[in-house]
Amino acid sequence: MTARRPLVLAVVVLLLPLVGCDGGGGGGGGGADAEGPATVYDPARDTSVYDDAPSTETFDDAFREDYETQVSLPDGRKVRLWYSASGDRLLEQHYSPREGAWTTPVVLHRSEEPDPCQGIEVTEEDGVVAVIADFGLYCYDGDPPSDSLALAATGDLTTWDVDSTLGFDGWQAMTIEPAADGPLVTWDGPEGTSLTWTAASGFAGGA
């Protein structure tokens, strides 16, 4: 693959996770706010199948760190997110220290845009893993995104909720905080735009 010179380095990693498909309900788990669905990971209820090694796929061999991220969760698990070699897919797999293996990679989102943007942002708190990722024509070379993703998962990370906003300049920050029906994730964008998510209600708002 032809090396691409990175223009903007926008990978922000705090603590992570993941698995799943576009849209849908919250992930499984084991115990958050008493009034909301469980979000905390329970190893005894983990339905993931750990039988693989970490993927070596990358969009750019020369600057692969701009198109993938791997983070460790407080419970010892690890999560990998990366853009496919073709550039139009976001993939995920996670690792269990108990099983000593990874899940098989899954596609979280397939974009109609042909190229990924540099940087995948991940944050984790109270059993929730939240992500920002973007796609857009020549976005790897500095052009603005045209398909902006917000993702969230809980528990064993076998189910991911994915919100795709087209023709949007991308989410700029995200936070996780306590709420009446469980942890609340908020993504903030330009000009006061925002998107929220809870395991009980899914996504609300948007650009």
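Can you tell me the alpha carbon radius of gyration of the range 117-199 divided by the globular rule-of-thumb value 2.2 N^0.38 Å? Please report the intermediate quantities before stating the final value.
Values: Rg = 13.0 Å, N = 83, 2.2 N^0.38 = 11.8 Å.
Ratio of Cα Rg to 2.2 N^0.38 Å: 1.10.
The modelled label-to-label distance for the pair Ser86/Ala204, using points 7 Å beyond Cα in the direction of Cβ, is 3.7 nm. Annotation for Glu99 and Glu65: the two label points, set 7 Å from Cα along the Cα-Cβ direction, are 3.0 nm apart. Pair-distance distribution of the range 65-192: all C-alpha pairs, bin width 5 Å, starting at 0; shares per bin in whole percent are 2, 11, 21, 23, 20, 13, 8, 3, 0, 0.
Could you compute the FRET efficiency for Asp42 and Asp143, with r as their C-beta to C-beta distance and R0 at 41 Å, rounded to 0.05? Don't jump to the answer; show the numbers that get you there.
On the way: r = 43 Å, r/R0 = 1.05.
Efficiency, from the Cβ-Cβ distance: 0.45.
Since only Val106, Leu151, Gly202 are under comparison, the one whose Cα sits farthest along the positive direction of the charge dipole of the range 76-207, derived from C-beta charges on Lys, Arg, Asp and Glu, is Val106.
Placing +1 on the Cβ of every Lys and Arg and -1 on the Cβ of every Asp and Glu, with nothing else charged, gives the range 105-200 a dipole about its Cα centre of roughly 160 debye. The protection proxy used here, the mean number of other Cβ atoms lying within 10 Å of each residue, ranks peptides 83-89, 117-123 as follows, highest first: 117-123, 83-89.
Measuring with a 1.4 Å probe in the full set of protein chains, what accessible area per residue, in whole Å², belongs to the range 54-207?
Values: 5760 Å² over 154 residues.
Using a 1.4 Å probe on heavy atoms only, each residue of the range 54-207 averages 37 Å².
Using a probe of 1.4 angstrom, how much of the accessible area of the range 119-207 is carbon and sulfur, in percent? Can you show the working numbers first?
Values: 1430 of 3140 Å².
Of the solvent-accessible surface of the range 119-207, carbon and sulfur hold 46 percent.
Peptide packing: for 166-179, 92-105, the average count of neighbouring Cβ atoms within 10 Å per residue gives the ranking 92-105, 166-179, highest mean first. Across the range 188-202, computed HN-Hα scalar couplings (Karplus, 6.51 cos²θ - 1.76 cosθ + 1.60, θ = phi - 60°) run 10, x, x, 6, x, 5, 8, 9, 10, 8, 9, 5, 6, 10, x Hz from first to last residue, x flagging Gly and Pro.
The values are calculated or read from the model by the stated rules, or taken from the named source; none is laboratory data. Predicted, not measured: the structure shown is a model, and the values here were computed from it. As a convention, Cβ positions derive from the backbone with ideal geometry for all residues, glycine included, and neighbour counts pool all protein chains shown. Ligands, DNA and RNA are excluded from the accessible area calculation, which covers all protein heavy atoms including side chains. Shrake-Rupley method; radii C 1.70, N 1.55, O 1.52, S 1.80 Å.
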